[in-house]
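*Asks:* I have a structure I would like to understand better, so I am pasting it below and will then ask my questions one at a time.
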Amino acid sequence: MEMNDRYEIRLAGEGGQGLILAGLILAEAAAVYDGKNAVQTQSYGPEARGGASKAEVVISDGVIDYPKVIAADLLLCMSQEACSKYVYGMKKNGILIVDSVHVDRVPTSRAYMIPITKIAEEATGRRITANIVALGIIVGLTGVVSRKAIEAAVRARAPKGTEALNLKALEAGLAEAERIRAEAERGQSAPSRAS
C-alpha cells in the first residue's frame with residue numbers, strides 16, 4: 001500500500017468486542033514498530049458491553065494535524081448498528097470490511113463480507129479473538145503496517161497468558177486476507193466469503 005499523507009481507519013462495533021484494544025495494537029504497530037506517526041482515539045456508549053464502541057487510528061508518514069477520522073480509508077464493522085451508522089463516513093473508494101456473523105445488511109456491493117467471528121472460533125475456540133482476526137485481515141489486505149510490526153504489537157499488548165492464542169487469531173486473519181487476495185487475482189469479482 002502506498003502511504004499518502006494520512007490513512008484513516010475506523011473500527012466499529014459493540015462494547016466487549018475488543019475494538020479499542022485492536023485500535024491500540026494497530027497504532028502501536030505503526031508508531032513503535034514501523035516508525036510511522038499514529039494517533040488512536042476511542043469512544044463507547046455508557047453501557048460499555050453491548051453499547052456502541054468505536055476506535056479510530058490515523059497513520060501517516062508525515063505530521064498528523066487532526067487526530068480523528070475525517071473520511072475513513074478503511075471501515076471495519078463488527079455490528080449491524082455500526083455498519084448502518086458509519087458506512088456513509090467513508091472515502092469514495094474506501095475499503096469496507098464487515099463481520100458477516102453480525103452484519104447482514106450492507107448498502108454497497110463493494111464490501112468484504114467475512115465471517116470474522118466464525119474464523120476466530122475455528123482458529124482459537126474463542127469468539128473474543130475476533131478483534132485480532134480482524135486486525136490480521138486489515139493488515140493482510142492493506143499493508144498499512146508490516147506483518148512483523150503487527151505481530152510484535154499483538155505480543156506486547158495481548159493480556160498476559162493469551163499471547164499464543166492471539167497470535168493464532170492474527171495468523172488466521174492474515175491467512176484469510178491472503179485467500180481473498182488470491183481470489184481477486186484469479187478474477188473472481190465479489191469480495192466476499194459465504195458465512
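The values are calculated or read from the model by the stated rules, or taken from the named source; none is laboratory data. The model shown is predicted, which means the values in this text are computed figures rather than measured ones. Positions of Cβ are generated from backbone atoms using ideal geometry, with glycine treated the same way; all protein chains shown enter the neighbour counts.
*Asks:* Being buried (at least 24 other Cβ atoms within 10 Å of the Cβ) and either among the charged types (D, E, K, R) or assigned to a helix (DSSP H, G or I) (or both) is the filter here; which residues of segment 3-22 pass it?
*Replies:* Once the filter is applied, which keeps residues that are buried (at least 24 other Cβ atoms within 10 Å of the Cβ) and either among the charged types (D, E, K, R) or assigned to a helix (DSSP H, G or I) (or both), segment 3-22 yields 10, 19, 22.
*Asks:* Would a scan of segment 120-128 turn up a residue that is of a type in the set (Ser, Thr, Tyr) and more than 28 Å from residue 168 (Cα to Cα)?
*Replies:* For segment 120-128, residues of a type in the set (Ser, Thr, Tyr) and more than 28 Å from residue 168 (Cα to Cα): absent.
*Asks:* Go through segment 88-112 and give me each residue that's over 15 Å from residue 74 (Cβ atoms) and either polar (S, T, N, Q) or at pLDDT 95 or above (or both).
*Replies:* 100, 101, 102, 103, 109
*Asks:* Of all residues in segment 84-116 being touching a residue at least 24 places away in the same chain (Cβ under 8 Å) and assigned to a helix (DSSP H, G or I), which is surrounded by the most Cβ atoms within 10 Å (Cβ to Cβ)?
*Replies:* Top of the filtered list is 116.
*Asks:* For segment 57-76, which positions are within 30 Å of residue 113 (Cβ to Cβ) and surrounded by 14 or more Cβ atoms within 10 Å (Cβ to Cβ)?
*Replies:* 57, 58, 59, 60, 69, 72, 73, 74, 75, 76
*Asks:* Going residue by residue through segment 141-157, is there one that turns out to be under 15 Å from residue 26 (Cα atoms), among the small types (Gly, Ala, Ser) and over 16 Å from the mean Cα position of the chain (by Cα)?
*Replies:* Looking for residues that are under 15 Å from residue 26 (Cα atoms), among the small types (Gly, Ala, Ser) and over 16 Å from the mean Cα position of the chain (by Cα), one finds at least one in segment 141-157, hence yes.
*Asks:* Tell me which residues, restricted to segment 7-60, are out of contact with any Ser or Thr (no Cβ under 6 Å at 6 or more places or on another chain), among the acidic types (Asp, Glu) and at pLDDT 95 or above.
*Replies:* Answer for segment 7-60, where residues must be out of contact with any Ser or Thr (no Cβ under 6 Å at 6 or more places or on another chain), among the acidic types (Asp, Glu) and at pLDDT 95 or above: 8, 28.
*Asks:* Which numbered condition trips up residue 41, out of (1) within 30 Å of residue 121 (Cβ to Cβ); (2) out of contact with any Pro (no Cβ under 7 Å at 6 or more places or on another chain); (3) among the hydroxyl-bearing types (Ser, Thr, Tyr)?
*Replies:* (2)
*Asks:* Out of (1) surrounded by 14 or more Cβ atoms within 10 Å (Cβ to Cβ); (2) at pLDDT 95 or above, what's the single condition that is false for residue 158?
*Replies:* Unmet condition: (2).
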